[in-house]
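What follows is a short report on a single structure.
No value in this document is a laboratory result; all are computed from the given coordinates. Note that the structure is a prediction, hence the values are computed from the model and not measured. So basically every Cβ, Gly included, is an ideal-geometry build from the backbone, and we count neighbours across all protein chains shown.
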Amino acid sequence: MSNRQLLTDYFLHGVAAASPRLTLPAVLPTGAPCGRTLVLGCGKAAAEMALVASECLAGPVTGCVVTRHGHNVATPPPAIEIIEARHPVPDELSLRAGTRLLDLAAEVGPDDRVIFLISGGGSSLLCAPAHGIDFEQKQAIGEWLVRSGVGIEQINLVRRHLSRIKGGRLAAVAGARGAELLTCVVSDVAGDDPALVASGPSIGAAFEPEAAIAILRQAGWDVSSDLAATIRANRPPAVPTHPVHTLATNADALAAISRRAKEDGWNVVDLGGSLTGPAGAMGRAHADIARDHAMLPGRHLLLSGGELTVLRARQDGRGGPNLEYLAGVLSGLDRTDPIEALAGDSDGIDGTEDNAGGYLTAGWADHTAAEQALASNRTYDLFAALGGLVRTGPTRTNVNDIRMIAVEGHT
């Protein structure tokens, strides 16, 4: 088996370890409530989570979840509505989903149980602008932040301060009516704080209006006095304390890959599971580490996770953070280096294109082409021309990025 196929298999093995079908059933209630069970969810894993929940829960189960276009399941559950919306900038279907979930949460009673199924991507897929902010303004702010290179945690902090559904506000609606609450989370954030996944529609978070305003200004957005006043007035209500289960994380995916690779004889080198920052720069740094390991005996697999960013993404750019990372790696290699690499997003989509990520071999090294692709945000074009795109289709989970560098060490 070629190293390309082996790395692809490792990637898919890590993704499978984070599947809702594997992780969700064990935490779901086994008995039915006195009333009904309402399922509310958002994110790229939401459709799969809803399907698994519908198969496992006892008694009447209804609800609504929103996922990304193309991330629905083949046979949706009959009593749980699934809305497909745009990512990473919300559309009218995102707005419809926000209204629908808030309306359903307002209909529950004290005999009912509400199960929140939350996964990454939900911040844009589920949209309900705060009073005083119109939808077009919220869209524009979201797109501006995504293209600015601001870290996802900062983007989501702003999002929840512009929302009437995030930051625990959805759960507060259901909790105020006395319903039993349960949250299940597939984490795509560094550190795995469940309140940060999808901006936490069912989990309360700190109210930090001045931080949100500062992030907007640092990103170059003109914060009007009206917008600042709206953010400061959007204090969330209290969220009832309830069980929160984190089902799967990036660490789970990396651990599954590490175990498999060690069984295959690789020396696994942990480069960090919660890495953040500019993708291209991280790739260059990892290329240096890989070249150092090429001087050592043995076979080495450099493994890392987390969420890197594309800095100052151009309007006409093509290629997400995994391809930017690989371009950075490629820019730091020589063609004779015994090095190959694969990086991909566990949800099956790197950025906004059709690929999960990409693969490279040092034999493709062309420093000028790699640097030009990074400078123009056209890494998709580079790897398409090289034959290095990796396509898996939507995986219906989301535990962030998986990056592997295979080094055939000195003999």
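A compact table of results
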read-out	value
Local electrostatic count at residue 410 - Lys and Arg +1, Asp and Glu -1, tallied over other residues with Cβ under 12 Å	-1
Among 348, 298, 167, residue whose mean-square fluctuation peaks in a GNM of the chain (springs only between Cα atoms under 10 Å)	298
The chain: antiparallel DSSP beta bridges as a percent of all, rounded to 5	40 percent
Cα-centred dipole magnitude for region 20-248, charges only on beta-carbon of K, R (+1) and D, E (-1), debye, nearest 20	100 debye
Residue (of 60, 149, 209) at the positive-pole extreme of the chain, dipole from beta-carbon charges	60
Within a Gaussian network of the chain (alpha carbon springs, distance under 10 Å), most fluctuating of 224, 124, 331	224
66, 189, 73 arranged by Cβ crowding within 10 Å, fewest neighbours leading	73, 189, 66
Cβ charges +1 (Lys, Arg) and -1 (Asp, Glu), total dipole of the chain, debye	520 debye
Shape of region 20-248, Cα gyration tensor, a/c cut at 1.5	prolate
Choice from 215, 349, 203 with maximal GNM fluctuation in the chain (Cα, 10 Å cutoff)	215
Among 290, 130, 331 the positive-end extreme of the charge dipole of the chain (Cβ point charges)	130
Order of 254, 330 under a 10 Å beta carbon neighbour criterion, fewest first	254, 330
Qualifying lysines (Cα of each under 25 Å from Cα of residue 44; at least 8 residues distant if same chain)	138, 166
Mean residue ellipticity (222 nm) of the chain, computed from DSSP H runs ≥ 4 via -39,500 (n - 2.57), nearest 500	-11500 deg cm²/dmol
Among 140, 82, 105 - extreme Cα towards positive end, dipole of region 55-148, charges at beta-carbon	140
5 angstrom amide H check on residue 355, placed H, neighbours 5+ away	350
Residues whose placed amide H lies under 5 Å from that of residue 346, excluding near-sequence neighbours	399, 400, 401, 402
In Å, descending, principal axis extents of the Cα set of the chain	68, 51, 31
Residues 127, 42, sorted so that the one with the fewest Cβ neighbours within 10 Å comes first	127, 42
Whole-Hz ³J(HN,Hα) from phi, Karplus 6.51 cos²θ - 1.76 cosθ + 1.60, for region 259-271, glycine and proline x	4, 5, 5, 5, 4, 8, x, 7, 8, 8, 10, 7, 8
